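Participant: Quick one: structure below, then a few questions.
The values are calculated or read from the model by the stated rules, or taken from the named source; none is laboratory data. Fair warning: this is a prediction, and the values are worked out from it, not measured in the lab. Neighbour counts are summed over all protein chains in view; Cβ atoms, including those assigned to glycine, are modelled from backbone coordinates with ideal geometry. What goes into the accessible areas is simple: the full protein's heavy atoms, side chains included, and nothing from ligands, DNA or RNA. Shrake-Rupley method; radii C 1.70, N 1.55, O 1.52, S 1.80 Å.
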Amino acid sequence: YTDGSPASAAAVLAVLARGEVVGVMGDRLFGGRGVEAPFLGGVARFPLGPYVLAAAARAPVFHVFSVRRGPRRYSFFG
């Protein structure tokens, strides 16, 4: 868990530098930073944070999607 602070970003960068995996929720915008793009017939704002962190750490980005199936039950697709 992180709070979006610079200290949290440094901790995430350290984890990535060790070659570990970090999960980031792609529908969360911290500080309103994002980029607008066409999406499903409208315009949506997407976060830049995961890509900035990956670029800073020279780490790959893997997109994984999840669907909630019930209480504490999710299906993941990659």
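Participant: If ligands, DNA and RNA are left out, what is the accessible area of ARG45 with a 1.4 Å probe, given in Å² to the nearest 10?
Facilitator: 120 Å²
Participant: A further question on this structure: Calculate the dipole size of the chain relative to its Cα centre from +1 charges on Lys and Arg beta carbons and -1 charges on Asp and Glu beta carbons; express the result in debye to the nearest 20.
Facilitator: Computed charge dipole of the chain: roughly 280 debye.
Participant: Okay, moving on. From the backbone phi of segment 62-78, what are the Karplus-calculated ³J(HN,Hα) couplings (6.51 cos²θ - 1.76 cosθ + 1.60, θ = phi - 60°) in whole Hz, Gly and Pro given as x?
Facilitator: Computed from phi, the couplings for segment 62-78 are 10, 8, 10, 10, 10, 10, 6, 9, x, x, 6, 10, 9, 10, 10, 10, x Hz.
Participant: When the helices in the chain are scored as -39500 (n - 2.57) per DSSP H run of 4 or longer and the sum is shared across all residues, what 222 nm value do you end up with, to the nearest 500 deg cm²/dmol?
Facilitator: -8000 deg cm²/dmol
Participant: Another one. Distance in nm between label sites at HIS63 and ALA14, each 7 Å beyond Cα in the beta-carbon direction?
Facilitator: So the two model labels end up 3.2 nm from each other.
Participant: Let me ask another. For the chain, build the convex hull from the C-alpha positions and give me its volume per residue in Å³.
Facilitator: 130 Å³
Participant: While we're on this one: Could you pull out the longest piece of the chain with no exposed loop chymotrypsin sites (Phe, Trp or Tyr not before Pro) in it, calling a site exposed if DSSP puts it outside H, G, I, E, B and it has at most 14 other Cβ atoms within 10 Å?
Facilitator: Looking at the chain, 2-61 is the longest stretch - no exposed chymotrypsin sites (Phe, Trp or Tyr not before Pro) with at most 14 other Cβ atoms within 10 Å.
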